[in-house]
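As structure tokens, the structure follows; a few thoughts come after it.
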Amino acid sequence: MSVPTTVTTSTLRDRGAASFHAALARVLTAGLEDALEAGDHARAISLINRGFAEGTTQMGCDLLCRASEVIGAARTWTVQLAPTSQMRQRSAAEGN
């Protein structure tokens, strides 16, 4: 009995974006770990913000959760989120 294989098709742009986000996540995670180990909370916050701004919402959340695991819930973390409408406008402007 053969098992049907699932074929997912994606565009070159989608694969490129996924590759970029994977590389970005690795770099930001490594930087975050270094910052947390050094106790550099300002740098950690900057890296978390970059995860949200340049990556994906999930990436930013993952970085924030990691920081909370290391530092603990007692630390207050402040991140800056751009409204969705600004992100779309910026992306449209960058595409031109």
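Laboratory data are not the source of any read-out in this text; all were calculated from the coordinates shown. Given the structure is predicted, the values throughout are model-derived calculations rather than measurements. All Cβ positions, glycine included, derive from the backbone under ideal geometry; neighbour counts span all protein chains shown.
Details
- Karplus-derived 3J(HN,Hα), 6.51/-1.76/1.60, for each residue of the range 48-53, Hz, glycine and proline x: 5, 4, 5, x, 5, 6
- Projected label distance in nm at His41 and Ala17, using a 7 Å step from Cα toward the beta-carbon: 3.5
- Estimated at 0.36 nm per residue, the fully extended path between Asp34 and Val70 surpasses their Cα-Cα distance by 11.8 nm.
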